[in-house]
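Shown next, in structure tokens, is the structure this report addresses.
Read-outs throughout are calculated quantities, based only on the coordinates presented, and are distinct from any laboratory measurement. Predicted, not measured: the structure shown is a model, and the values here were computed from it. For neighbour counting, all protein chains shown are included, and Cβ atoms are generated from backbone atoms with ideal geometry for every residue, glycine included.
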Amino acid sequence: MKKILAFGGSSSRNSINKQLAVYAANLFKNTSIEVLDLNDYDMPVFSVDREKENGIHPLAQDFYDKMGRADFIVLSLAEHNGAYSAAFKNILDWASRINAKTFQQKPMLLLTTSPGARGGSSVLDIASKRFPFQGADLKGSFSLPSFHDNFKDGKIVNSELEQALKEIVSNINL
């Protein structure tokens, strides 16, 4: 059985991106899913001085190790001012000091959503271009616009958007 690591790139306790990541991860059959919460990886803001004084933060090592043990990553990024959330970027900065190929060549489904009509498309564009350089093997990407209109009771309610995501998932061979 393949192991999926699913998480939202947000520190919001009610992260809509975490909800989307969990939903998408559950579309894969015959898998086990581990859901991460970025709040469990609250670290000081990365700086080379902190790293020099204290070494790699143990939570960064734990995050990196969890990615290494996964067979597949489902990540849904929050968009803050057009880019990654500060919480996600900080974890990424710390983990990249362990290995610049932070995602360790793991296959990944990259998602994003937001309350707005563009669904986080700016951060999806940034990540789609950047993550392969950081060791992500992107197998698909999907943006869910207008989250509160299109996602209710734990699922996508817009049939066209639901079908689009299901088609992406069906084309990924786990």
* Count of segment 142-167 residues which are surrounded by fewer than 17 Cβ atoms within 10 Å (Cβ to Cβ) and among the hydrophobic types (A, V, I, L, M, F, W, C) -> 2
* Asked: Is it the case that segment 14-25 has a residue that's in contact (Cβ under 8 Å) with a residue 24 or more places away in the chain, basic (Lys, Arg) and assigned to a loop (DSSP other than H, G, I, E, B)?
  -> no
* **Selection count, segment 14-30, where residues are more than 20 Å from Val123 (Cα to Cα) and loosely packed, with under 12 Cβ neighbours inside 10 Å** => 2
* **So Ile33, is it surrounded by 17 or more Cβ atoms within 10 Å (Cβ to Cβ) and outside any helix (DSSP H, G or I)** => yes
* **Search result, residues across segment 62-98 that are over 11 Å from Leu5 (Cα atoms), among the basic types (Lys, Arg) and in a helix (DSSP H, G or I)** => Lys89
* Within the bounds of segment 34-52, is there any residue that is of a type in the set (Gly, Ala, Ser) and either touching a Phe, Trp or Tyr at 6+ places or on another chain (Cβ under 6 Å) or farther than 17 Å from Ala86 by Cβ (or both)? -> no
* Asked: In segment 150-174, how many residues are touching a Ser or Thr at 6+ places or on another chain (Cβ under 8 Å) and within 14 Å of Lys29 (Cβ to Cβ)?
  -> 1
* Structure fact -> Scanning segment 127-149 residue by residue, those in contact (Cβ under 8 Å) with a residue 12 or more places away in the chain and closer than 24 Å to Asn14 by Cα turn out to be Ala127, Ser141, Phe142, Ser143, Leu144, Pro145, Ser146, Phe147, His148
* **Residue tally, condition surrounded by fewer than 20 Cβ atoms within 10 Å (Cβ to Cβ) and either over 17 Å from Gly82 (Cα atoms) or acidic (Asp, Glu) (or both), over segment 120-140** => 9
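Here are Glu51, Glu79: which of them is acidic (Asp, Glu), surrounded by 13 or more Cβ atoms within 10 Å (Cβ to Cβ) and within 28 Å of Asn171 (Cβ to Cβ)?
Criteria check complete, one pass: Glu79.
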* Just checking, which of Leu59, Leu161 is more than 18 Å from the chain's Cα centre (by Cα), assigned to a helix (DSSP H, G or I) and not charged (D, E, K, R)? -> Leu161
